[in-house]
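Report on the following structure.
We did not get these values from a lab; they are worked out from the coordinates using the rules stated. The model shown is predicted, which means the values in this text are computed figures rather than measured ones. Here the Cβ positions follow ideal geometry from the backbone for every residue, glycine too, while neighbour counts run over all protein chains shown.
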Amino acid sequence: MSWSQQAPDQSAESGGILRRAERIGRGLENLLLAIILFAMIGLAAYQVVLRNVMGSGIGWADEALRLMVLWAAIVGAVAASRDNVHLRIDLLSRFLSRNGRTVTAVVVDLFTVGVAGVLAWYSWEFVAESREFGDQILGDLPVWPFQAVLPVGFALIAYRYLIGAAGRLLALMRGGVRS
């Protein structure tokens with residue numbers, strides 16, 4: 001169950017707008033992932049055919065595939081964060097009460113916010129450095145716009161986990177429990 005489905009009570013109008021915005025965001029994330037994956041598969045298959053049949057290939061294909069892997073990984077992580085389905089080691093949940101599990105989830109969410117925030121900051125510095133030095137890829141294109149997915153993705157992950165932690169904490173303070 002996604003965090004947005006567990007949001008605190010809102011007016012019908014704002015709740016409708018938020019649900020619609022979430023649906024649009026979810027659809028865009030899924031569409032972007034599908035485009036990246038199909039492009040990766042298509043380009044890799046075409047490159048294999050060219051190398052095996054024609055004895056040549058596309059010079060920029062390997063760089064493009066590396067970029068697509070980067071984008072697929074980050075967009076996939078953002079998509080996983082929207083439903084709170086990242087990998088986690090869960091040793092304590094079977095021994096804790098419901099409230100204990102919620103408190104633990106808030107702590108884990110806040111830790112995730114911290115880690116994703118640090119990663120967003122340092123990846124922003126990395127992208128700024130690439131821009132400053134004029135790094136290029138795929139011939140003569142600047143690399144920093146392609147790398148910009150890193151700070152944006154980590155910032156989105158931090159944002160989503162912060163919202164999730166806040167929602168769980170509010171529910172815990174109101175006496176309800178979010179699972």
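Points worth noting:
- Degrees separating the helix 61-82 axis from the principal Cα axis of the chain, which is the longest one: 10
- Peptides 122-129, 56-63 ordered by average Cβ neighbours within 10 Å, highest first: 122-129, 56-63
- Charged-residue dipole, Cβ positions (Lys, Arg, Asp, Glu), the stretch 6-174 about Cα centre, Debye nearest 20: 880
- In plain terms, the residue of Leu43, Leu141 with the fewest other Cβ atoms within 10 Å comes first and the most crowded comes last, giving Leu141, Leu43.
- In the stretch 21-178, a dipole from Cβ-located charges (positive for Lys and Arg, negative for Asp and Glu) runs towards its positive end, and of Leu37, Gly175, Leu156 it is Gly175 whose Cα lies farthest in that direction.
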